[in-house]
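Worksheet for the structure shown next.
The values are calculated or read from the model by the stated rules, or taken from the named source; none is laboratory data. Quantities reported herein were computed from a predicted structural model and do not represent experimental measurements. We place every Cβ from the backbone using ideal geometry, glycine too, and count neighbours over all the protein chains shown.
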Amino acid sequence: MKKVKWVTVKTKYGWIAPGITEIGLCQLVLPEKEPILGEEGRDVPPFLNKLKEGLISYFEGEKVSFDEYPLDLKEATPFQRKVFRACQ
């Protein structure tokens, strides 16, 4: 089982939480009213800050491409893989 690190990102719709591994993005919790506990600053992949900025811009209504971010889909179902690929 892979170790997932969660970070929280505040958007105008609420708090979201990308789940990341050493390979890339593996999960995304959509807006919640309260922040989701997460880890930041320690052993997080370098793409994380750019991803956070992209997510904030996306939820502000800006057109954002997420195709440059690495994905970790090893444990994803076929349906989840289709969703992640469509959202890139």
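For the subset of the range 1-37 comprising residues that are loosely packed, with under 13 Cβ neighbours inside 10 Å and of a type in the set (A, V, I, L, M, F, W, C), which member is farthest from F84 (Cα to Cα)?
L37
Could you list, in sequence order, the residues of the range 55-65 that are over 10 Å from the mean Cα position of the chain (by Cα) and not aromatic (F, W, Y)?
Going through the range 55-65, the residues over 10 Å from the mean Cα position of the chain (by Cα) turn out to be 56-65.
Passing the criteria: I56, S57, E60, G61, E62, K63, V64, S65.
Here are the criteria: (1) more than 13 Å from the chain's Cα centre (by Cα); (2) surrounded by fewer than 12 Cβ atoms within 10 Å (Cβ to Cβ); (3) not polar (S, T, N, Q). Tell me which single one E68 does not satisfy.
The failed condition is (1).
How about the range 37-59: which of its residues are modelled with pLDDT of 80 or more and either aromatic (F, W, Y) or assigned to a loop (DSSP other than H, G, I, E, B) (or both)?
Passing the criteria: Y58, F59.
Is at least one residue of the range 60-78 more than 16 Å from V7 (Cα to Cα), assigned to a helix (DSSP H, G or I) and modelled with pLDDT of 85 or more?
Yes - at least one qualifying residue is present in the range 60-78.
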